[in-house]
Each structure stands twice: as C-alpha cells, then as structure tokens.
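The next block holds one structure in the form of structure tokens; read it before the comments.
The values are calculated or read from the model by the stated rules, or taken from the named source; none is laboratory data. Keep in mind that this is a model prediction, so the values were computed, not measured. These accessible areas exclude ligands, DNA and RNA; they are computed on the full protein's heavy atoms, side chains included. Shrake-Rupley method; radii C 1.70, N 1.55, O 1.52, S 1.80 Å.
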Amino acid sequence: PLGDVFHFTTGGPHLAWPTTSSVMLHWETDRPAAARLEWGETSALGRALDLPANGARIRTAAIEGLKVNTAYVYRLTATAPTGEVLDTGPIPFRTAPGEKDPVVFAAISDTEARPHVNARLADLLWRESPQVVLNAGDLTDGGKGEHRFEWTHEYFAALAPLMARTAFLPVMGNGEDDFLWFERY
C-alpha cells in the first residue's frame, strides 16, 4: 500500500530472544538498506552498531553487553541506497529479569487475521508492562509463501508497537502452515 515509499514492511523493528545481557532485534524494509542501531540506558544512547547494506531486506542484530533487569533505549535508523531514511526514534525496552526477580509475562494465541483486535490487544498488554509476550501459535491464518501479507499487513501491522518494546517468543502453530515466513521472521 505504500508503493515506492521507503518503509518497514514489518511495521518497525521487533524484539526477540531476551536474556539478562542481550536481546535480538529483527526488522524488514521494503528494499535492502544499511542500518545503524544505537542503544543505552538513557536517550543519550552511547553504544552503536553499523550494518552495511548486504542485499537483504530482513535483518537481525544483537544488542549485547546489557545489565540484568535494566531499562534501556534503542534507536534504529535504516538508510536506502537512494538516501531515504527511516528513523524509529528512541524506543524503550528492558532486559530479562534476574534469577530471583519476579517475571511479568503475557500469553496470547490465535492472533491470525484479526489486526483490529490485535492492535487493541497490544495496547492493553503494553499497559500491563510485560517483560515478555508468549504467542502460543497460529500467529497467522495461513502463513505459507504466497500469504506473506498475513505477516506484514495483519500480524506485524497490528502488534508492531508492542513488539518494538517487548520481546515476543512465538510458537509455531498450524496457522503458520509451511513455516516459511515463521522461520524468516
């Protein structure tokens, strides 16, 4: 729907695989792009990782060297070969809790084909400040190769604001069908 406008096809970056000292960041742009990932304990950031354009649209980067159960801020800037820039601005997140710390998590499932419901769900979950969201399967309605839109226009479009701030741990369900996009995202 955005045509030739440079954009995140996953609605923005999303966090995954949180540990007490790291978290993974995934994103996809509509064309290959270089990226700069910055992070720190305040909006002043302080640490950075530069990723050259490598011909891939789906990208992954590890934010490492973090403190346990600590609030951080990251910022992702993607630059297309044409010079167009996407800038997320500062986004907060928290590392995984320590061994004796309490854990606040949310568990959801069957997010398939309901972007309007999932957008509302994401807003309500954010208000509860979970440290991680478990999605127990059926992320999409039929996530096979030709149904990529179910990921980009339904799943990510609705949940992206929460996924940028809270790590998701998804489980494959039968709604992911051939698991092509599940494995890529």
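Rounded, prolate or oblate: which one fits segment 51-173, using the alpha carbon gyration tensor with axes a ≥ b ≥ c (rounded when a/c is under 1.5, else prolate when a/b beats b/c, else oblate)?
oblate
Show the residues, 5+ positions off or on another chain, whose built amide H is closer than 5 Å to the amide H of Thr19.
Ala96
Could you tell me the relative contact order of the chain? Use alpha-carbon pairs under 8 Å, at least six residues apart, and round to a whole percent.
About 23 percent, as a whole number.
Return one whole number: the accessible area per residue of the chain in Å², for a 1.4 Å probe.
Accessible area per residue: 49 Å².
Carbon and sulfur together cover what percent of the accessible area of segment 130-185 at a 1.4 Å probe radius?
On segment 130-185, the fraction of accessible area on carbon and sulfur atoms equals 54 percent.
What part of the accessible area of segment 1-101, given as a whole %, is carbon or sulfur when the probe is 1.4 angstrom?
54 percent
Tell me, what ³J(HN,Hα) does each residue in segment 124-130 have, in order and in whole Hz, if you take phi through Karplus 6.51 cos²θ - 1.76 cosθ + 1.60 with θ = phi - 60° and put x for Gly and Pro?
Once rounded to whole Hz, the list reads 5, 5, 4, 5, 8, 6, x.
Identify which of Glu84, Glu28, Glu154 has the largest mean-square fluctuation in a Gaussian network model of the chain, with springs joining Cα atoms closer than 10 Å.
Glu84
What is the set of long-range amide H partners of Ala167 at a cut-off below 5 Å, with H atoms built 1.01 Å from backbone N?
Correct list: Val133.
Once you have a ≥ b ≥ c as the square roots of the Cα gyration tensor eigenvalues for segment 131-176, tell me rounded if a/c is under 1.5, and otherwise prolate or oblate according to whether a/b is larger than b/c.
oblate
How much of the DSSP bridge set in the chain is antiparallel, in percent, rounded to the nearest 5? Numbers along the way, then the final one.
Details: 30 of 39 bridges.
Taking every DSSP beta bridge within the chain, about 75 percent pair in antiparallel fashion.
Can you classify segment 1-78 as rounded, prolate or oblate using the Cα gyration tensor, where a ≥ b ≥ c are the square roots of its eigenvalues, rounded means a/c under 1.5, and otherwise it's prolate if a/b beats b/c and oblate if not?
Taking the square roots of the gyration eigenvalues as a ≥ b ≥ c, segment 1-78 is prolate.
Mean-square fluctuation check for the chain, GNM, Cα pairs under 10 Å: which of Ala157, Ala16, Ala48 is largest?
Of Ala157, Ala16, Ala48, the Gaussian network model singles out Ala48 as fluctuating most.
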